[in-house]
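FYI, it's all coordinate maths here, none of it is from the lab. The model shown is predicted, which means the values in this text are computed figures rather than measured ones. Note that we place each Cβ from the backbone using ideal geometry, even for glycine, and neighbour counts take in every protein chain shown.
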Amino acid sequence: MSRSSAGTQSSVETVDGGPVAALTALLDTSAPVVEAGDPLPPLWHWVALPRWPASSSLGPDGHPRKGAFLPDLGYPRRMFAGGEAVFHAPLLIGSQVRRESVVESVEEKHGRSGRFAVVRVATTLSAADGTLLLEERQDLVYRPAAPPPDPGRVPDPAPAAGMPPAGPPLRAESGGWRFRTDPTLLMRFSAATANPHRIHYDWPYVTRVEGYPGLVVHGPLSTLALAEALRLAAPERSVRRLRHRNSAPLFCGRDAFVALDHSQEPDVEVTLRDGDGTLLAGLSVELSPPPERHEP
């Protein structure tokens, strides 16, 4: 059951174990497996509460046309920029929750790359008895259309077509984890999250219309990889609050590196950087205290 109007959405949904199993298979790490009745790991509600838009509602970029919920600002290019989540109580797989979303603000700006707009969406998730489970804010950036690319500079799709599956996207190495994606991984994540945005799977569209050099890795996928690295490093700790940010796009097949900084406990910084050290994404996390150890 759902209701929606310009700037607001309300629905009662089930925390779905099917997409959770899909994300578990996709990440393919040694972190504890979650099943029916278990609490979701931090941010996994992005997968466990998917919203599949009707095919007739989609715009040229694959996303639902703006104006029904998100405002139509005349800026067609959309990117996930970050946000914040506060965890009040566990979201249990198989339980029913009420989701309330509202467009909190719309701010038009001018930066080094030109005009853009930041749309802030606030969401709460509550249990059937009204208990507040999660408060979340997401920031979405909208930019004008890209100029037509020089036909002579459109990237050759042959390297991407020959890119084999990379296996588990997170691989432990000295000082952190290597994060690597491939087209199959991006397709599977799009399916798990009901995300039809064409920049993640449509090579001609992303290079010839949006002007990117290759398939764009989902901002939420990069953020979930950072949260998963933290879960691997500290499985006994729970997350109280986290802020996430996406600073620059990561393109499919390019290596990036995850590192954790525990120097400001109980706050932890998790970062994703490319091979040149450029910051791509980050998490600022407030953890619960470590469990007390009782000597026998």
Review point. Which of the peptides 165-178, 142-155, 269-282 is most tightly packed, and how do the rest follow, going by the mean number of other Cβ atoms within 10 Å of each residue?
Key: 269-282, 165-178, 142-155
Exercise for review: Kindly state, to the nearest 0.05, the FRET efficiency for SER11 paired with GLU236, given R0 = 51 Å and r defined as their beta-carbon distance.
Suggested key: 0.90
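Under unit Cβ charges (Lys, Arg +1; Asp, Glu -1), what dipole magnitude, rounded to 20 debye, does the chain have relative to its Cα centre? Provide the component values of the computation, followed by the final result.
Values: 30 positive and 34 negative charges, 197 e Å.
Here the chain has a charge dipole of around 940 debye.
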Practice item. With a/c under 1.5 counting as rounded, go ahead and sort region 67-182 into rounded, prolate or oblate using the C-alpha gyration tensor (a ≥ b ≥ c being the square roots of the eigenvalues; past the cut-off, prolate if a/b is larger than b/c, else oblate). Key: oblate
Exercise for review: Take the Cα of PHE69, step 7 Å along the line toward its Cβ, and report every residue of region 200-231 whose backbone nitrogen sits under 16 Å from that point.
Suggested key: 220
Check your understanding: On full extension of the chain, what length is gained from ARG98 through SER56, given 0.36 nm per residue of separation minus the C-alpha to C-alpha distance?
Key -> 12.5 nm
Check your understanding: Label GLU135 and ARG243 with points 7 Å out from Cα along Cα→Cβ: what is the distance between them in nm?
Key -> 1.5 nm
Check your understanding: How much of the calculated P(r) for the chain lies past 30 Å, in percent of all Cα pairs?
Key -> 32 percent
Exercise for review: Could you list which residues have their amide H under 5 Å from that of LEU91, counting only those 5 or more apart in sequence or on another chain, with H placed in the peptide plane?
Suggested key: LEU40
